[in-house]
Amino acid sequence: MFQWPPKIIFCFFTMTSADVVLTERIALAQGDGDGKEALLITLNRPSKKNCFDERVCSELATIFHDVADEIERYDADVRSTDNVDDDDDENNEIIRHHHRGLRNRLVAVIFTGSGESFCAGADLSNPPNPLHQSSDLSHHLRWNPVHQMGRVGVPIIGALRGHVITGGFELALACDILVGDVTTSFRDTHVKFGLAPCWGLSQRLSRRIGPGRARLVSLTAHTVNAHVAHEWGLLDELIDDSASREGACSDPVLDRAIELANAIAANDPLMVRRYKRAIVEGTNVDHIRGLQRERELGLAHYMEIVGDGQTFEGAKGYITDENRPRVSESKL
């Protein structure tokens, strides 16, 4: 068991109403004293249940792109310090220590949402272009946040509360570890509105919970509550938010994500990155082709329907209809 509370130097941050995605470096106390950090990324549209529009999608893609590039530079530093001149041992040790600090600074990413929900999917008043998000062209993948998340070499911890729906479900599945509380619920509504997944849901969900349960979730569009999600392995940890933890932040799910980041920081950072890579590559032998095929199908689907003027309007009308049937509890 992990010790509680973890030694956290700070866990609060300032924000402005204009920020749709917040980022903050959290200093961690674990590790070798070289300033280990976790990057906290927060979707910040609580009044819209953190639904993402074109701007949110673009900002997420940029943030994860920059994080991935930073981690790649860490590994480049490993190779460069391996090639220093062995004739000056004292000076070389200083160089190696400096590079160890630089390349080991960021050890984890925590991805969460402000307010009561993680992410309830796309904002249909200004959704990301589905043709671009389904594309395999490099200049489109640059602005695909889930593709950029897949490039990040350190663990991504999803701290989930409330709604995790469709596109938000896909963002969650792109994380390495998922932590939630009893309010967390998952739903895939692609088939309900005639939309195609293009961020990996058709591939990643079956790898987490098995193909039978994945078909049950996606083909019925039913809600999966937190207890079922935890039982099936969709949530890696289910947090009891009634527990009082002295000195903790106000959010038990975020507390636990930071605790896990601290536990990761206590280990060898290079081996953490290489171990994550081994796990990902080992499970992705056929996964890459599956993701590519999903994007191909999504692109063909959206090329057919994107100009019909009906699909997105039908989904938008359903969401804004105050008289629509409400799901009071999980059907799974």
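The values are calculated or read from the model by the stated rules, or taken from the named source; none is laboratory data. Keep in mind that what you see is a predicted model, and the values were worked out from it rather than measured. Counting neighbours? That spans all protein chains shown, and the Cβs are built from the backbone with ideal geometry, glycine included. For the accessible areas, the whole protein counts, side chains as well, though only heavy atoms, and no ligand, DNA or RNA atoms are used. Shrake-Rupley method; radii C 1.70, N 1.55, O 1.52, S 1.80 Å.
Of the residues HIS147, HIS139, only one is at pLDDT 95 or above, assigned to a helix (DSSP H, G or I), open to solvent by 30 Å² or more (accessible area, probe 1.4 Å) and not polar (S, T, N, Q); which?
HIS147
Within region 275-319, which residues are at pLDDT 75 or above and of a type in the set (Phe, Trp, Tyr)? Scanning region 275-319 gives TYR275, TYR302.
Before we move on, is GLY158 farther than 26 Å from ALA278 by Cβ and either in a strand (DSSP E or B) or open to solvent by less than 10 Å² (accessible area, probe 1.4 Å) (or both)? The answer is no for GLY158.
Based on what the data block shows, is THR183 over 19 Å from the mean Cα position of the chain (by Cα) and under 18 Å from LEU171 (Cβ atoms)?
On the way: over 19 Å from the mean Cα position of the chain (by Cα): no; under 18 Å from LEU171 (Cβ atoms): yes.
It is false that THR183 is over 19 Å from the mean Cα position of the chain (by Cα) and under 18 Å from LEU171 (Cβ atoms).
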